[in-house]
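*Asks:* Attaching a single structure in structure tokens format; questions to follow.
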Amino acid sequence: MGLNSTNRMWWAGAWYKTRLLCISVPLLTSFTSHNIFCLLSAVALHSETMAKDMTLLWGSGSPPCWRIQIMLEEKQLQGYNQKLLSFEKMEHKSQEVLDMNPRGQIPTFKCGNHILNESYAACFFLENQYKSQGNKLIPDSPDAQALMYQRMFEVFTLVEKLVEIVLYNYKVPEGERHDSAVQRNKEALTAELKLWEGYLKKTDCCLAGKEFTLADVVFFPSVAFLFRLGLSSEHHPVLAKYYNSLKDRASIKATWPPTWQLTPGSDMMKNI
Amino acid sequence: MAKDMTLLWGSSSPPCWRIQIMLEEKQLQGYNQKLLSFEKMEHKSQEVLDMNPRGQLPAFKCGNHILNESYAACFFLENQYKSQGTKLIPDSPDAQALMYQRMFEVLTLHQKMVCVIYYNYMVPEGERHDSAIQRNKEALTAELKLWEGYLNKTDCCLAGKEFTLADVLVFPYIAYMFHYGLSSERYPALAKYYNSLKDRPSIKATWPPYWQKFADQDALKTI
């Protein structure tokens with residue numbers, strides 16, 4: 001190990017704090033004790049300062065918001081500034097949100113001076129910037145990595161079909177609604193969920209294999225949302241198994257939507 | 001490695017084009033490829049279904065890895081071939097954050113574009129409404145204004161000076177919209193972006209041989 005590898009550790013996360021203490025003596029003697037103190041202090045402060053520079057405006061139960069919250073837990077970035085807003089009170093259209101997100105949508109997320117309102121953008125950025133901190137969420141193994149990427153982008157298709165149903169009455173004015181469309185949307189989601197049942201049957205616990213990855217960070221909140229809306233465990237046993245196996249994961253439990261503990265869900269998805 | 005890759009694609013389909021641009025940027029020419037016809041329903045053929053149960057293009061296999069989602073293919077290729085060809089995910093946090101934000105925001109633009117261009121294709125005749133068509137047009141107009149604003153603020157590419165993964169993923173949509181009649185006068189920043197990149201080698205080399213006829217060629221003329 002030479003000077004170069006120690007410089008690399010300067011930018012590393014909290015895990016390297018411990019590692020630095022185990023540096024061999026020959027290397028230590030090449031630094032003054034003051035240098036080492038500064039090095040360790042900087043590393044120790046790195047994660048704390050950074051979480052304090054993050055702000056999340058969110059709504060309870062919104063899957064994109066929940067993804068970012070899970071991510072921040074997984075990367076040990078607790079202590080960020082956050083504010084729970086109400087969709088019903090239209091707080092997502094408030095000036096506070098519009099200042100950070102001209103679209104008037106939540107999540108609205110600022111990481112230092114970086115705006116990352118798209119939940120996938122926030123997740124990728126955090127994983128990249130905090131690679132060596134918390135859980136490693138993009139696996140090195142090409143097999144797992146490829147499967148993770150493939151599934152996490154397939155989630156968009158699932159979300160589209162879910163949203164068509166959940167927001168139908170919200171997006172489509174009364175005079176334009178058709179039973180035929182409602183029926184078609186139901187069938188589309190049913191077919192989509194069959195695919196995911198198949199995917200989960202083939203893997204070992206998580207979407208990309210044995211390990212929890214970024215794919216699960218983005219997928220789980222939508223699955224939980226479906227069960228909250230009354231999705232049947234009998235019709236979807238593999239999804240139910242996935243849901244049950246992850247709902248007590250620390251990062252997920254810690255960020256469980258507060259309003260879900262206070263009110264009952266609905267049965268919108270009962271017949272899917 | 002390119003010899004172990006197979007791409008089934010349709011001409012002018014933006015997701016297919018993205019993968020092609022990516023393979024050029026990473027110097028992975030020489031991959032196996034087959035041009036299929038949407039009109040002849042070849043995307044529902046057994047050959048495609050074997051690789052993509054959804055019966056959609058692109059269908060892409062990289063060694064024994066299935067990566068039919070174009071974003072997945074692009075991310076995987078960038079990761080596996082980091083030190084080959086163009087570096088497409090910048091190290092600078094500023095550029096990186098902006099790249100990620102824009103590449104996922106474009107999905108909103110895509111949705112609004114699809115609602116206009118493919119309205120008659122997606123909505124059965126008995127369910128079509130002029131009010132919906134009008135609303136969709138207004139939504140797309142508002143969305144495009146946002147993107148004009150974004151491109152006015154950056155220096156040549158979506159995330160700054162450098163061509164990044166965001167441009168690989170977004171350029172095909174922009175080209176698509178200009179093909180379907182988007183006005184350069186009303187959208188000068190988008191037109192400037194389009195013109196500055198259309199001769200980039202990876203883009204020129206993979207320019208669609210022909211454009212799909214699903215929709216009216218002037219579909220976006222009045223946007």
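The values are calculated or read from the model by the stated rules, or taken from the named source; none is laboratory data. It should be emphasised that the depicted structure is a prediction, and the values quoted were computed from it without experimental measurement. We place every Cβ from the backbone using ideal geometry, glycine too, and count neighbours over all the protein chains shown. When the accessible area is computed, the model is the full protein with side chains, heavy atoms only, and any ligands, DNA or RNA have been set aside. Shrake-Rupley method; radii C 1.70, N 1.55, O 1.52, S 1.80 Å.
*Asks:* Condition test on A:V223, is it touching a residue at least 60 places away in the same chain (Cβ under 8 Å) and within 30 Å of B:E78 (Cβ to Cβ)?
*Replies:* Criteria not met by A:V223.
*Asks:* Show the residue pairs meeting these rules: Cβ distance below 9 Å; 6+ apart or different chains; first residue within the range A:95-116 and touching a residue at least 12 places away in the same chain (Cβ under 8 Å) and more than 17 Å from A:P63 (Cα to Cα); second residue open to solvent by less than 10 Å² (accessible area, probe 1.4 Å) and hydroxyl-bearing (S, T, Y).
*Replies:* Note: pairs meeting the criteria are A:E96/A:T108; A:V97/A:T108; A:M100/A:T108; A:N101/A:T108; A:I115/A:T108.
*Asks:* Still on this model: Given the conditions (1) within 19 Å of B:A97 (Cα to Cα); (2) at pLDDT 95 or above, and given that A:P139 satisfies all but one, which numbered condition is not satisfied?
*Replies:* It fails just one condition, (1).
*Asks:* Considering only residues of the range B:88-98 that are over 17 Å from A:K131 (Cβ atoms) and not acidic (D, E), which is least open to solvent (accessible area, probe 1.4 Å)?
*Replies:* Per the stated criteria, the residue is B:L88.
*Asks:* Something else: If I ask for residues that are under 26 Å from A:S141 (Cα atoms) and either away from chain A (no Cβ under 11 Å) or not small (G, A, S) (or both), which ones from the range B:93-113 would you list?
*Replies:* B:P93, B:Q96, B:M99, B:Y100, B:M103, B:F104
*Asks:* State yes or no: is B:Y173 farther than 22 Å from B:Y81 by Cβ, of a type in the set (S, T, Y) and within 15 Å of the chain's Cα centre (by Cα)?
*Replies:* Yes, satisfied.
*Asks:* Quick check on this structure: which one of B:Y121, B:Y100 is under 26 Å from A:G175 (Cα atoms) and either assigned to a helix (DSSP H, G or I) or touching a helix residue (DSSP H, G or I) at 6+ places or on another chain (Cβ under 6 Å) (or both)?
*Replies:* So the residue among B:Y121, B:Y100 that is under 26 Å from A:G175 (Cα atoms) and either assigned to a helix (DSSP H, G or I) or touching a helix residue (DSSP H, G or I) at 6+ places or on another chain (Cβ under 6 Å) (or both) is B:Y121.
*Asks:* Looking only at the range A:172-211, which residues are open to solvent by less than 10 Å² (accessible area, probe 1.4 Å), outside any loop (DSSP other than H, G, I, E, B) and away from chain B (no Cβ under 11 Å)?
*Replies:* Matches in the range A:172-211: A:L189, A:L193, A:W196, A:C206.
*Asks:* Quickly run through the range A:120-134 and pick out the residues that are farther than 21 Å from B:Q80 by Cα and open to solvent by 10 Å² or more (accessible area, probe 1.4 Å).
*Replies:* Of everything in the range A:120-134, just one residue is farther than 21 Å from B:Q80 by Cα and open to solvent by 10 Å² or more (accessible area, probe 1.4 Å), namely A:G134.
*Asks:* I'd like the full set of residues that are within 18 Å of the chain's Cα centre (by Cα) and within 14 Å of another protein chain (Cβ to nearest Cβ), limited to the range B:15-50.
*Replies:* If the condition is that a residue be within 18 Å of the chain's Cα centre (by Cα) and within 14 Å of another protein chain (Cβ to nearest Cβ), then B:P15, B:R18, B:I19, B:M22 are the ones that fit.
*Asks:* What number of residues in the range B:51-91 are within 10 Å of another protein chain (Cβ to nearest Cβ) and assigned to a loop (DSSP other than H, G, I, E, B)?
*Replies:* 10
*Asks:* Now for a different question. So is B:E143 part of a loop (DSSP other than H, G, I, E, B), out of contact with any Phe, Trp or Tyr (no Cβ under 9 Å at 6 or more places or on another chain), surrounded by 15 or more Cβ atoms within 10 Å (Cβ to Cβ) and acidic (D, E) or not?
*Replies:* Answer is no for this residue.
*Asks:* Condition first: under 18 Å from B:L165 (Cβ atoms), open to solvent by 30 Å² or more (accessible area, probe 1.4 Å) and part of a helix (DSSP H, G or I). Now tell me which residues in the range B:17-50 satisfy that.
*Replies:* B:E24
*Asks:* Across the range A:126-163, what is the number of residues that are in contact with a Pro (Cβ under 8 Å, 6 or more places away or on another chain) and under 24 Å from A:L57 (Cα atoms)?
*Replies:* Residues flagged as in contact with a Pro (Cβ under 8 Å, 6 or more places away or on another chain) and under 24 Å from A:L57 (Cα atoms) within the range A:126-163 amount to 2.
*Asks:* Does the range B:1-13 contain any residue that is in contact with a Lys or Arg (Cβ under 7 Å, 6 or more places away or on another chain), among the β-branched types (V, I, T) and surrounded by 14 or more Cβ atoms within 10 Å (Cβ to Cβ)?
*Replies:* yes
*Asks:* Taking only the range A:41-78 into account, find how many residues are at pLDDT 95 or above and in contact with a Lys or Arg (Cβ under 6 Å, 6 or more places away or on another chain).
*Replies:* 2
Yes/no per residue for (1) surrounded by fewer than 22 Cβ atoms within 10 Å (Cβ to Cβ); (2) under 15 Å from A:A146 (Cβ atoms):
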residue	(1), (2)
B:P53	yes, no
B:A59	no, yes
B:S70	no, yes
B:Q101	no, no
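*Asks:* Limited to the range A:122-142, what total is found for residues that are facing another protein chain (nearest Cβ under 7 Å) and over 12 Å from A:L214 (Cβ atoms)?
*Replies:* The qualifying residues number 2.
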